[in-house]
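First comes the structure, then the notes that go with it.
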Amino acid sequence: MFSEELKKYDWDETAARIMGMTATNVERALSKERLDDLDFMALVSPAAAPYLETMARRSRRITEQRFGKTISMFIPLYITNSCTNSCVYCGFNHHNKIKRVILTPEEIELECKAIKALGPFENLLIVTGENPKLAGTDYIEKALQVCRPYFSNLSIEVMPLSAEDYERLTHSGLNGVICFQETYHRERYKVYHPAGMKSNFEWRVNGFDRMGQAGVHKIGMGVLIGLEDWRTDVTMMARHLSYLHKNYWRTKYSVNFPRMRPSESGFQPNVVMSDRELAQLTFAFRIFDPDVDISYSTRENHVFRNNMATLGVTTMSAGSHTEPGGYATHVNSLEQFAISDDTSPERVAADLRALGREAVWKDWDRVFDIAQLSRKQKASHE
């Protein structure tokens, strides 16, 4: 399990190594075809800032070679804000005095119909608060069954489950699972997650192993930018990604590094990441892992998302609502966080066309899966 692997890496030592990187380290990393975690640290370090244009060109070249000139589109469907956690930064915090909504199967179907009216979405991300009693595996399974006739590719972002439950859900149409570790700082993690299931660091960080063991087709991972030093956190995530590739090599992976947005919690970020730093991180991840899917949500503003659409990003959401029932049934319920880009799906697709990119509404063609699997098989034998 990765919790044991993570013990090999000291947080403060990793942070110091990143800040100690030099231009020589950056140039060495950029000269290599296959990068290790030290190379990744160099590319996210302050020393790499003068090399941003070079990194952008390489990131763009790699992305076009692997994914073509396409952006895969998805949309989230929040089906409940009921949550037993007390995450200090989240609008769904158990202690926030808000109206709790748990959509019925009938309401979920109405939401699906409303989403299909917005655009030709085939990739749906089902999102819940974490309430094992009221919105557990049975509820999630029913939601998948309701959504399946409307969408060809279903993913979930829910509480970490057992391997048995993940496998069970794959038989109800589950294709992918997204889970945000939020931060890999084991000691500070409890400060941000003081109560509820999410306060268990090991259960959450080992959830990715359970997804792999269950044979989930695609695993998405991410850290929340604004809690701890972002360079150290994303380095830990890069190490986690390498570990998953090694142990569950048949699985596809995606990464996400959303910057904290305003929410009902009123929590103020401890760390602020600039647009240039987010671009640097995006380029670094693309160069580090050419096959990983890099996702931007509507947390990021329209202009910045357009700028990054040709430089490394491969998946975007559009037309998003982060409140349960926000498309049709409970349009005034509380959102989890404020979005930054409220551009319509139609406009997003038009902007992408103007940039020479095609918005792809269905899942990636199987040819991409086959090519990636072939490369992984070859690498595993070297």
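Please go through the stretch 227-264 and pick out each residue that is crowded, with 18+ Cβ neighbours inside 10 Å and either small (G, A, S) or touching a His at 6+ places or on another chain (Cβ under 6 Å) (or both).
Matches in the stretch 227-264: E228, A238, S254, S263.
Does C90 meet the test of being at pLDDT below 95, hydrophobic (A, V, I, L, M, F, W, C) and either within 26 Å of G212 (Cβ to Cβ) or surrounded by 21 or more Cβ atoms within 10 Å (Cβ to Cβ) (or both)?
Considered against the rule, which asks whether it is at pLDDT below 95, hydrophobic (A, V, I, L, M, F, W, C) and either within 26 Å of G212 (Cβ to Cβ) or surrounded by 21 or more Cβ atoms within 10 Å (Cβ to Cβ) (or both), C90 comes out as yes.
Look through the stretch 151-164, keep the residues that are of a type outside the set (G, A, S) and in contact (Cβ under 8 Å) with a residue 40 or more places away in the chain, and return whichever of them is nearest to G325 (Cα to Cα).
E157
Condition check: modelled with pLDDT of 95 or more, closer than 29 Å to L352 by Cβ and assigned to a helix (DSSP H, G or I). Does A143 satisfy that?
Working: modelled with pLDDT of 95 or more: yes; closer than 29 Å to L352 by Cβ: no; assigned to a helix (DSSP H, G or I): yes.
When the stated conditions are applied, A143 does not pass them.
Restricting to the stretch 287-322, name every residue that is of a type in the set (D, E) and at pLDDT 90 or above. Spell out how you get there, then give the answer.
Keep residues of the stretch 287-322 that are of a type in the set (D, E), which gives 289, 291, 293, 300.
Listed by number, the residues that qualify are D289, D291, D293.
Got a sec? Which strands (runs of 3 or more DSSP E) wholly within the stretch 173-282 have at least 3 residues that are within 28 Å of I18 (Cβ to Cβ), of a type in the set (A, V, I, L, M) and in contact (Cβ under 8 Å) with a residue 12 or more places away in the chain?
Qualifying strands (runs of 3 or more DSSP E): 218-223.
Before we move on, is I71 β-branched (V, I, T), assigned to a helix (DSSP H, G or I) and surrounded by 14 or more Cβ atoms within 10 Å (Cβ to Cβ)? First the steps, then the outcome.
Details: β-branched (V, I, T): yes; assigned to a helix (DSSP H, G or I): no; surrounded by 14 or more Cβ atoms within 10 Å (Cβ to Cβ): yes.
Against the criterion (β-branched (V, I, T), assigned to a helix (DSSP H, G or I) and surrounded by 14 or more Cβ atoms within 10 Å (Cβ to Cβ)), I71 does not qualify.
Residues checked against (1) of a type in the set (D, E, K, R); (2) assigned to a helix (DSSP H, G or I); (3) surrounded by fewer than 14 Cβ atoms within 10 Å (Cβ to Cβ):
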residue: E4; (1), (2), (3): yes, yes, yes
residue: T24; (1), (2), (3): no, yes, yes
residue: E27; (1), (2), (3): yes, yes, no
residue: F40; (1), (2), (3): no, yes, no
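Restricting the stretch 106-123 to residues that are among the hydrophobic types (A, V, I, L, M, F, W, C) and under 15 Å from K142 (Cα atoms), which is surrounded by the fewest Cβ atoms within 10 Å (Cβ to Cβ)?
The initial filter retains those residues of the stretch 106-123 that are among the hydrophobic types (A, V, I, L, M, F, W, C), namely 108, 110, 112, 114-115, 117-118, 121.
Of the ones still in play, those that are also under 15 Å from K142 (Cα atoms) are 108, 110, 112.
Numbers: I108: 23, L110: 16, C112: 22.
Filtering the stretch 106-123 for residues that are among the hydrophobic types (A, V, I, L, M, F, W, C) and under 15 Å from K142 (Cα atoms), the one surrounded by the fewest Cβ atoms within 10 Å (Cβ to Cβ) comes out as L110.
Being under 21 Å from I75 (Cα atoms) and part of a helix (DSSP H, G or I) is the filter here, so list the residues in the stretch 147-172 that pass it.
Hits for the stretch 147-172 are C147, L169, T170.
Here's the yes/no breakdown for (1) surrounded by 17 or more Cβ atoms within 10 Å (Cβ to Cβ); (2) in a loop (DSSP other than H, G, I, E, B):
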position: E33; (1), (2): no, yes
position: A56; (1), (2): yes, no
position: Y78; (1), (2): yes, no
position: C83; (1), (2): yes, yes
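Among (1) surrounded by fewer than 20 Cβ atoms within 10 Å (Cβ to Cβ); (2) more than 19 Å from the chain's Cα centre (by Cα); (3) within 30 Å of E106 (Cβ to Cβ), where does A163 come up short?
(3)
Residue-by-condition table, conditions (1) under 21 Å from I71 (Cα atoms); (2) among the hydroxyl-bearing types (S, T, Y); (3) buried (at least 16 other Cβ atoms within 10 Å of the Cβ); (4) more than 16 Å from the chain's Cα centre (by Cα):
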| site | (1), (2), (3), (4) |
| --- | --- |
| L125 | yes, no, yes, no |
| Q145 | no, no, no, yes |
| P149 | no, no, no, yes |
| E182 | no, no, yes, no |
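The values are calculated or read from the model by the stated rules, or taken from the named source; none is laboratory data. Note that this is a predicted model, so its numbers are computed, not measured. Cβ sites come from the backbone with ideal geometry, for glycine too, and all protein chains shown count toward neighbours.
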